[in-house]
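Bear in mind these aren't lab numbers, they're just calculated from the coordinates by the rules spelled out. In this text, all values refer to a predicted model and were calculated from it rather than measured experimentally. When we count neighbours, we look across all protein chains shown, and the Cβ atoms used for this are built from the backbone with ideal geometry, even at glycine.
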Amino acid sequence: MSIPSSEAALLRLEEASMNAWPGLRYVLDGAWVVRLGEGYTKRANSISMLAAGESIDERLARCSALFAPEGVTPCARVVDFASALEPHLARAGFGAPFDRTVTLWRALDDPPPADPRVEISPGPASQEWMTAKDRLNGETPAEAASRRRIQAAIAAPVAHGAVRGPDGQYAALAYVALHAGLASLNMVVTDPALRGQRLSQAVCEALLAWAHGQGARQACLQTLEANAPARALYARMEFSDPLYGYHYRVLEAAP
């Protein structure tokens, strides 16, 4: 299977990624998707700007106004193929780009090997998985509650994976969501004390094997460009070089 390259194919990857992490509420405005999620992560609390289009300044003001009732500062998420929006963001008072994130892809013509240690649970995450995620993320109760609500809002078919450490507790976690033959990997995390044992790789490959069994023939994920350990992990798993990236810009001062 050839690597996606057309804008339509890249937008399909965006669909899969947004369905896998949806936010709690959303508004569609042309080719923009506003996601609102109680301030938990920029991804779930930003204007995903997927194309330029018309009436940009009006749409930007309209979308930015949606953040006020949330008590969240307006945030723009700009993909590489919508770079024509950058001057409009600057004029509107949005700050410098940060947290550049890249999208990686791999074919799933054949399923990866599934490590028998990995526990795969299709459907909503178990209480044990959620509690382990709270612990491994080091989240406050409020942050964990928001994350749990966002995860509960995922409507796409989903499976959660985990592997236990020597103490019997979950030591590495991830989940995968399916959309249009694509498997989107998310929330990959490992206990810091057990890093270097490729536990995350075992979990991710088992999830992709499950996704292959559900008919997925492509996989994608998004990770910070500067996250060298994650990039090394995904290179071992035969994910591509970045297909495209995106960054965030936060409103600093109204014009």
Diffing the range 165-180: the Karplus 3J(HN,Hα) column from phi (6.51, -1.76, 1.60, θ = phi - 60°), in whole Hz with x for Gly and Pro, holds x, x, 8, x, 8, 4, 10, 8, 9, 5, 9, 10, 10, 10, 7, 6
By average C-beta atoms within 10 angstrom, highest first, the peptides 4-16, 44-56
44-56, 4-16
For the range 168-255, give the magnitude of the charge dipole about the Cα centre (Cβ charges: +1 Lys/Arg, -1 Asp/Glu; no others), in debye to the nearest 20.
120
Projected onto the charge dipole of the range 103-255 (+1 at Lys/Arg Cβ, -1 at Asp/Glu Cβ, origin at the Cα centre), which of A145, H247, M187 gives the Cα projection farthest towards the positive end?
A145
³J(HN,Hα) across the range 107-113 via Karplus (A = 6.51, B = -1.76, C = 1.60, θ = phi - 60°), whole Hz, x for Gly/Pro?
6, 10, 4, 10, x, x, x
Could you give the length gained by full extension between E58 and R198, i.e. 0.36 nm per residue of separation minus their alpha carbon distance, to one decimal place?
45.6 nm
Tail fraction, Cα-Cα pairs, the range 207-255, threshold 18 Å, whole percent:
49
Charges on Cβ only, +1 for Lys and Arg, -1 for Asp and Glu, centred on the Cα centroid of the range 12-123; of G39, I120, N19, which one is farthest towards the dipole's positive end?
G39
Relative to 2.2 N^0.38 Å, what does the C-alpha radius of gyration of the range 102-186 come to as a ratio? Two decimals please.
1.17
Reported to two decimal places, what Rg/Rh ratio describes the range 102-255 when computed on Cα atoms with Rh from the Kirkwood expression?
0.98
Which net charge results for the neighbourhood of A183, defined as the other residues with beta-carbon distances under 10 angstrom from its beta-carbon, given Lys and Arg at +1 and Asp and Glu at -1?
+2
Given Cβ point charges of +1 (Lys, Arg) and -1 (Asp, Glu) and nothing else, what value in debye, to the nearest 20, does the dipole of the chain about its Cα centre take?
300
